[in-house]
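This report concerns only the one structure given below.
The values are calculated or read from the model by the stated rules, or taken from the named source; none is laboratory data. Computed from a predicted structure; not experimentally measured. With ideal geometry, Cβ positions are generated from the backbone for all residues, glycine too; neighbour counts draw on all protein chains shown.
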Amino acid sequence: MKKNQIVAQMYTVRDHLKTPRDIAASLKRVKQIGYEAVQLSGLGPVDDGELRKMLDGEGLVCAATHEPSESIVERPREVSERLSRIGCSLTAFPHPGKYPVGTREEVEKLAASLDAAGAVLKAAGQTLGYHNHNAEFAKIDGKTVLEIIYEKTDPKNLVGEIDTYWVQAGGGDSVAWIKKLARRLPSIHLKDYGFVPGKGVVFEEIGSGNLDWKAIVTAAEKAGCRWFIVEQDRDWANDDPFLSLTMSFDYLAQNICR
């Protein structure tokens, strides 16, 4: 992994993205930390053209986005048009949301919808991914929800965006899942998983928790992963998400990057 493959998931600093001015200032701070690419999510209202100018002005690549689940399933052409406007070719379905996945029939129905949406994006030269949480590790007839989703979709229409924290929280193995999705994993969410006595399981800055980052990154590189996306949902150091992004970037740059 090279430094320019490390991506900041802007959802980490969502509380600082309420207005166009906030967004511009936060993109500048992320670039100053050392990130050369971002994943867009958690932004307040902003014109797509203005957003693209902000990205270009900071010299930031839009590696990927998260679009609303409902938009992807029900209005994929609109999603594709937005991606084109902001100069991005990769997005991910962020969460099942209102689409139930409690039975095999429900999971297969969602998979069919995602496959169809992914085909729309593919026709425009874009790619749809799937971002997992821990709920997708529930088993139905001996298989996890996540396994069924990938089995019931064409790899050309739906790729993976494995989230290491949520794999661990679901009782899975990130390295095993990375290997399972080899050549179908253009991006991965890097989140560390820790435990604090009296508090329980927490999100940690990369390198501060319990996950084996050398094994994870090595496996992802072998699987053909291009973007290594740093995200921390909460539990930020000193309650400062920018500090958390800095600590994670510095750890990866100093210990993992070639």
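Here are the numbers for the structure shown:
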{"read-out": "Helices (runs of 4 or more DSSP H) contained entirely in segment 62-161, each with at least 1 residues that are within 14 Å of the chain's Cα centre (by Cα)", "value": "69-74"}
{"read-out": "Failed item, numbered, when V46 is tested on (1) in a loop (DSSP other than H, G, I, E, B); (2) in contact with a His (Cβ under 9 Å, 6 or more places away or on another chain); (3) over 19 Å from A92 (Cα atoms)", "value": "(2)"}
{"read-out": "Where a residue in segment 57-76 is closer than 27 Å to A25 by Cα and among the aliphatic types (A, V, I, L, M) and its partner, wherever it lies, is part of a helix (DSSP H, G or I) and at pLDDT 95 or above, with Cβ under 7 Å and at least six apart", "value": "L60/L27; L60/K31"}
{"read-out": "Count of residues meeting criterion [surrounded by 17 or more Cβ atoms within 10 Å (Cβ to Cβ) and either of a type in the set (D, E) or not in a loop (DSSP other than H, G, I, E, B) (or both)] in segment 181-201", "value": "7"}
{"read-out": "Check on R14, in contact with a helix residue (DSSP H, G or I) (Cβ under 7 Å, 6 or more places away or on another chain), part of a helix (DSSP H, G or I), surrounded by fewer than 19 Cβ atoms within 10 Å (Cβ to Cβ) and modelled with pLDDT of 95 or more", "value": "no"}
{"read-out": "Residues of segment 163-175 satisfying the condition of being touching a helix residue (DSSP H, G or I) at 6+ places or on another chain (Cβ under 6 Å), free of Cβ contacts under 8 Å to residues at least 40 places away in the same chain and outside any loop (DSSP other than H, G, I, E, B)", "value": "V167"}
{"read-out": "Checklist (1) surrounded by fewer than 15 Cβ atoms within 10 Å (Cβ to Cβ); (2) among the acidic types (D, E); (3) within 25 Å of S71 (Cβ to Cβ) applied to D141, failing item", "value": "(3)"}
{"read-out": "Single condition Y165 does not satisfy, out of (1) among the aromatic types (F, W, Y); (2) over 23 Å from V107 (Cβ atoms); (3) under 18 Å from the mean Cα position of the chain (by Cα)", "value": "(2)"}
{"read-out": "Residue satisfying all of: in segment 205-220; in contact with a strand residue (DSSP E or B) (Cβ under 9 Å, 6 or more places away or on another chain) and under 21 Å from A37 (Cα atoms); surrounded by the fewest Cβ atoms within 10 Å (Cβ to Cβ) among these", "value": "G207"}
